[in-house]
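The values are calculated or read from the model by the stated rules, or taken from the named source; none is laboratory data. These figures come from a predicted structure and were not determined experimentally. Neighbour counts run over all protein chains shown; Cβ positions are idealised from the backbone, glycine included. Side chains included, ligands, DNA and RNA excluded: accessible areas come from the protein's heavy atoms. Shrake-Rupley method; radii C 1.70, N 1.55, O 1.52, S 1.80 Å.
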Amino acid sequence: MISSQRLERLHGALNRFRIELPSWGFANTGTRFGKFLQAAAASTIEEKFSDAAEVHRLTGVCPTVALHVLWDLPNGVRDVGRVRALESQHGLRSGSINPNVFQDQCYKHGSLGNPDAAIRRAALDHILDCVEIGKGLGSRDVSLWFADGSNYPGTQNIRQRKKWFAEGLRATHERLSAGQRMLVEYKPFEPAFYHTDIADWGMALVLAQSAGPQARVLVDTGHHYQGQNIEQIVAWLLDLDMLGGFHFNDRRYADDDLTMGSIDPYQVFRIFHEILHFEWETGKTADIAYMVDQSHNLKGKIEAMIQTVTTALELFAKAAMVEEEELALRQKSCSLVDAETCLKDAFSTDVRPMIREWAESKGLPADAMAAFRRSGYLEKITAERRERNLAAVSSYA
Ligand code: RM4
Ligand code: MN
Ligand code: MN
């Protein structure tokens, strides 16, 4: 029997849970071997906003959309008005702004870490444009991921590139407005396979700290070595007040960008638990942007997104079921089995009936997926988009 106190905590957790959807999660994506095209995929920012709005309408917890500047605002700051109009049309807000300094030919050997000063400058200019876009859209976070690195030992000066990164990030920080933050993402591999300039959380932390007080670290759950204890990284960053946000996705081998919780839901639970335990213990609110960063190559895009959001809510709710007081006591007395059982019991709780109740109390469908399937939205966009999507090129030849 679940106590009313616990139920209240669960509702409180659900009420404030928000997760941001990536515009690129609605578009046709693929692997380096090619794309499988979907008739209903979004290819314009209008379509991406429309799809994100549908997910928010059904789940109620996704009011913001992350934007990838080159893909969504190809004319940079000049596209701000257009995006603002979409925001009010769909009742959504722009979320994190993601610069793209990895796609243009000039970035073959890097962006902020490129040995060519002119290319470093071009990358910085693009990032500064993104800061301005963020200001224009009233969005808080500029989210930085760099493909920089090298493929062969000895081919780049790692220390020099670190200095260039520190410079570029400091220059970015200088342009932030008071309400803006910059998030520094790390990744140990891909597309560079010998070294990446920001390979892990330690490097991201050092760079964020040297950039300035509004910089934080972004943890993409797919960007770790096998077996790494991600919740420990989370606990450390929380303690240092340096955890800015997450890119959620799941993985089995590399940066697989699979659906959150599809491979290891216990890991996401443990991450949420560290955050909620921190809040319980310190009385502070962890100011963290939860974001999805997934590539739905085979699953229906909108269904995959609804599945993700549903999973996120379930795992967050399970973490809110942990008996914090009891856990703290068990930890103190080193009652190992009992402490672990505290976590396991919470993780094993079937929270779905309580989430359904909560959703209905908010005027949301109890079952978002079923509501989506009944809505006719997919049939409508499939008919509208089919021709254009199936004419797109899927081969790299
Ligand atoms: C990267 C990284 C970034 C994302 C790009 C598309 O692997 O996760 O966050 O913006 O992919
Ligand atoms: Mn990411
Ligand atoms: Mn990634």
Kindly provide the set of residues from segment 76-114 that are of a type in the set (Gly, Ala, Ser), at negative phi and exposed (fewer than 15 other Cβ atoms within 10 Å of the Cβ), ordered by number.
Gly81, Ala85, Ser88
Check segment 263-274 and report whether any residue there is open to solvent by 10 Å² or more (accessible area, probe 1.4 Å), over 18 Å from Ala346 (Cα atoms) and more than 14 Å from ligand 2 (Cβ to nearest atom).
yes
Odd one out for Thr44 among (1) under 20 Å from Gly245 (Cβ atoms); (2) surrounded by fewer than 23 Cβ atoms within 10 Å (Cβ to Cβ)
(1)
Pull up segment 204-231, narrow it to residues that are in contact (Cβ under 8 Å) with a residue 40 or more places away in the chain and more than 20 Å from Ala286 (Cα to Cα), then point me to the one that is most open to solvent (accessible area, probe 1.4 Å).
Ser210
Identify the residue in segment 216-227 that is within 16 Å of ligand 1 (Cβ to nearest atom) and out of contact with any Lys or Arg (no Cβ under 8 Å at 6 or more places or on another chain) and, among all such residues, is farthest from Ser143 (Cα to Cα).
Tyr225
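For every residue, the table says whether it meets (1) touching a His at 6+ places or on another chain (Cβ under 6 Å); (2) at pLDDT 95 or above; (3) within 16 Å of ligand 2 (Cβ to nearest atom).
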{"site": "Asn249", "(1), (2), (3)": "no, yes, yes"}
{"site": "Asp257", "(1), (2), (3)": "no, yes, yes"}
{"site": "Gly261", "(1), (2), (3)": "no, yes, no"}
{"site": "Trp280", "(1), (2), (3)": "no, yes, no"}
{"site": "Asp287", "(1), (2), (3)": "no, yes, no"}
{"site": "Val292", "(1), (2), (3)": "no, yes, yes"}
{"site": "Leu315", "(1), (2), (3)": "no, yes, no"}
{"site": "Ala319", "(1), (2), (3)": "yes, yes, no"}
Of the conditions (1) within 16 Å of ligand 1 (Cβ to nearest atom); (2) assigned to a loop (DSSP other than H, G, I, E, B), Pro213 clears all except one; give me its number.
(1)
For segment 146-156, state whether one or more residues are within 16 Å of ligand 2 (Cβ to nearest atom), surrounded by fewer than 20 Cβ atoms within 10 Å (Cβ to Cβ), in contact (Cβ under 8 Å) with a residue 40 or more places away in the chain and closer than 17 Å to Asn100 by Cα.
yes
Out of the residues in segment 327-354 that are surrounded by 14 or more Cβ atoms within 10 Å (Cβ to Cβ), of a type in the set (Gly, Ala, Ser) and under 24 Å from Ala13 (Cα atoms), which is nearest to the chain's Cα centre (by Cα)?
Ala346
Residues that are out of contact with any helix residue (DSSP H, G or I) (no Cβ under 6 Å at 6 or more places or on another chain) and either modelled with pLDDT under 95 or within 16 Å of ligand 1 (Cβ to nearest atom) (or both), drawn from segment 26-42:
Ala27, Asn28, Thr29, Gly30, Thr31, Arg32, Phe33, Gly34, Lys35, Phe36
